[in-house]
Amino acid sequence: MLQNAAVVTRRAGTAGTRTNRVALTRTVASALACALASTAALIAVPVASAGAATGPPTLKLDGPKKPGLLDKMTAAGTLPDATAGDTVTVTVEASGRTLEKQQVDAGKEKFSFPFVVDACCNYQVTAASGGQTAPARRFTVSAPKHLRKRRLARLYNESLVDQGYYIGHMSSHVGLGTRLATLAFRKVNHMGRSMSYRPVIFRKLLMGRGAFEPRFDDGHHVEADLSRQVMALVEGDKPVATFHISSGTSATPTVRGNFHFYMKQPGYNAKRMYYSVYFIGGYATHGYNPVPNYPASHGCLRNPIPFSRYIYSWIRIGDPMHVYG
């Protein structure tokens, strides 16, 4: 009896073990099936985000039919089926330069981006989203024939400063500082040496062109190009302020070479030199009247008296001075 009971117990235990194994196998199989189903669902369902929109954006330009400088324009359009978080990238270019590039909200299927026409000359505006781009919108802007409008005069002054020409006090009119800066621009760009405005000058400025190009990357320094009769205050390799100057005549030429400023002399001296900064011997850059369009000094570099104190203050003792041309 005891022996039979033991056998029954062992059989019962074996049967229980088999039942547990079967249950475990079924549980694992069920879990795997769920995991596979979840994976399949994840693969089948695309990631939902700002990409809910379908189709390319549309684009139009609101503003004058023939835009001019300082006109206000708006790039506007739609993004079909857009939802919260969707954006359109609006890019405004002019003659190959990117002026604006902004992500604009399009969550309600519409977008708009205002901008001011302040560059030249061939504008192109685009709108893109989700790898799709609307047909570009284009227009052309011309430089004005004159600067009678104050807003245009101010933009011209700002454009001169942006290209490293010194005008003194910023204003909305064409003053002596503007004319002297125009003369310096003309000299740098091998144009006729006068103070007269021409649309071609404004066009170059609005395209980000026409700046003095330094030959040296020498920290806080000064460069004078005698061939063009200009001088530039330079930070690294960027012109900070460029001036019209007059150097020494053929009988009393200006010394060429690489020097360092060693002495400052404020006010007028006995030779009527105004706010002088010396770079070797008796050679200096200083204010004087007149400063003609040709070499006329006894060897120094004459600069316009209205700008002399600024130049004097900007230069530091020990700064490099490079004279060439």
Condition first: touching a residue at least 40 places away in the same chain (Cβ under 8 Å) and not in a loop (DSSP other than H, G, I, E, B). Now tell me which residues in segment 63-103 satisfy that. Lys72, Met73, Thr74, Ala75, Gly77, Thr87, Val88, Thr89, Ala94, Arg97
Going through Lys101, Lys72, Lys110 one at a time, which residue ends up being touching a strand residue (DSSP E or B) at 6+ places or on another chain (Cβ under 9 Å) and more than 23 Å from Ser159 (Cα to Cα)? Lys110
Wholly within segment 253-325, which strands (runs of 3 or more DSSP E) include no fewer than the required count, namely at least 3 residues that are surrounded by 15 or more Cβ atoms within 10 Å (Cβ to Cβ) and without any contact (Cβ under 8 Å) to a residue 40 or more places away in the chain? 274-280, 283-288
Expected single match for in contact with a helix residue (DSSP H, G or I) (Cβ under 9 Å, 6 or more places away or on another chain) and in contact (Cβ under 8 Å) with a residue 60 or more places away in the chain among Ala128, Ala134, Ala153, Ala143 is Ala143
Which residue, of Val174, Val222, Val188, is at pLDDT 95 or above, more than 16 Å from Ala241 (Cβ to Cβ) and surrounded by 16 or more Cβ atoms within 10 Å (Cβ to Cβ)? Val174
Looking at segment 67-113, which of its residues are more than 16 Å from Val141 (Cα to Cα) and basic (Lys, Arg)? Lys101, Lys108, Lys110
In segment 130-172, what count of residues is obtained for those that are within 20 Å of Glu235 (Cβ to Cβ) and assigned to a helix (DSSP H, G or I)? 5
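Looking at Leu99, Leu69, Leu59, Leu79 in this structure, which one is touching a Gly at 6+ places or on another chain (Cβ under 9 Å) and closer than 17 Å to Tyr123 by Cβ?
Only one candidate passes the filter, namely Leu59.
The values are calculated or read from the model by the stated rules, or taken from the named source; none is laboratory data. Owing to the predicted nature of the structure, the values given are computational and were not obtained by experimental measurement. Cβ sites come from the backbone with ideal geometry, for glycine too, and all protein chains shown count toward neighbours.
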